[in-house]
Amino acid sequence: MAIMRIFTGKDGESHFEDVYPRFEPRGDQSETAELIPGSGIIIRRFDPKRMNPWHNAPGHYVVFTVSGAVDIEIGDGTVKRLGPGDILIAEDLTGRGHITREVGPVPRVSVFVPLG
């Protein structure tokens, strides 16, 4: 996964800079890194065999799936699969929540953008 920054240098010209996020283990078969320090925008990488039982969204987020896939199950048994290019608006902050099951063979990478 390439992350590039484009910015204006002191010379008035545009420049590229490669960005390498520092992923840190969360202890739940996933890793996280803040994309832009202080922004609240995070990248999460999930083990392709990870399953997270009933839980709520960690906050109001828009979640962009970059690679891999995940099945999300809600209380009535409905399951939706999200893959690269899919967008989820996560707002189930109370109640029973949902179940997530990563769908291998590659890790799922998602970008979480907080909603104001």
Check: Looking at the chain, what % of the alpha carbon pairs are farther apart than 18 Å?
Finding: 56
Margin query: Using the Karplus curve 6.51 cos²θ - 1.76 cosθ + 1.60 with θ = phi - 60°, what ³J(HN,Hα) values do you get for each residue of the range 59-68, in whole Hz, with x for Gly and Pro?
Written below: x, 6, 9, 9, 10, 9, 7, 9, 8, x
Check: Taking Cα pairs under 8 Å and at least six residues apart, what relative contact order does the chain come out at, in percent?
Finding: 28
Next item on the list: Just subtract the alpha-carbon distance of Thr32 and Trp54 from 0.36 nm times their residue separation and send over the number in nm, one decimal.
Entry: 5.9 nm
Notebook entry, point to check: Placing +1 at every Lys and Arg Cβ and -1 at every Asp and Glu Cβ, with all other atoms neutral, what dipole size does the chain have around its Cα centre, in debye to the nearest 20?
Noted result: 240
Next item on the list: For the range 82-106 and the range 1-48, compute the distance between their C-alpha centroids and round to whole Å.
Entry: 21
Next item on the list: Enumerate the amide H contacts of Arg50 below 5 Å, restricted to partners 5 or more residues apart or on another chain; note that Pro and chain-start residues carry no placed amide H.
Entry: Glu102
Notebook entry, point to check: In the range 1-102, what trypsin sites (Lys or Arg not before Pro) fall in a loop by DSSP, with at most 10 other Cβ atoms inside 10 Å?
Noted result: Lys10, Arg22
Margin query: Could you tell me which residue out of Gly68, Ile89, Ile41 lies farthest along the dipole of the range 23-114 toward its positive end? Charges go on the beta carbon: Lys and Arg +1, Asp and Glu -1, centred on the Cα centre.
Written below: Gly68
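We did not get these values from a lab; they are worked out from the coordinates using the rules stated. Please read all numbers here as calculations on a predicted model, not as lab measurements. Here the Cβ is made from the backbone with ideal geometry for all residues, glycine too, and neighbour counts use every protein chain on show.
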